[in-house]
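Visitor: Below is one structure. I have some questions about it.
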Amino acid sequence: MEFGDRIRRWTGWLCLGLVATMACLGYFFGNIRFAPLAAGFAILAAVCLVELEQEPTRTDGIHPRRDSGVSRASG
């Protein structure tokens, strides 16, 4: 795991902690104003914690959609 991945994952868990904190504060004070803030941190947590898949790289040097040259014929 690279350093950037560790920071991204740590930030995601921090955002989840803030979601829990805002939910508890909203419940404790009986105030709905904490809900949009908690929703924003939940979105940030989802963005940070989603696993990014590495696309496989082609090493044969062949483009999957080669141009056949037929369309260039003057007619």
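The values are calculated or read from the model by the stated rules, or taken from the named source; none is laboratory data. Note that the coordinates shown come from a computational prediction; the quantities given were computed from them, not determined experimentally. Cβ sites come from the backbone with ideal geometry, for glycine too, and all protein chains shown count toward neighbours.
Visitor: Exactly one of these conditions fails for Val19: (1) at pLDDT 95 or above; (2) surrounded by fewer than 16 Cβ atoms within 10 Å (Cβ to Cβ). Give me its number.
Guide: Evaluating Val19 over (1) at pLDDT 95 or above; (2) surrounded by fewer than 16 Cβ atoms within 10 Å (Cβ to Cβ) leaves (2) as the failure.
Visitor: Tell me, please, whether a residue that is modelled with pLDDT under 95 and not in a helix (DSSP H, G or I) can be found in the range 40-51.
Guide: yes
Visitor: Which residues, counting only those in the range 22-34, are out of contact with any Gly (no Cβ under 6 Å at 6 or more places or on another chain) and surrounded by 12 or more Cβ atoms within 10 Å (Cβ to Cβ)? Even if it seems obvious, please write down each step before you answer.
Guide: Taking the range 22-34 and keeping what is out of contact with any Gly (no Cβ under 6 Å at 6 or more places or on another chain), we get 22-33.
Residues satisfying the conditions are Met22, Ala23, Cys24, Leu25, Gly26.
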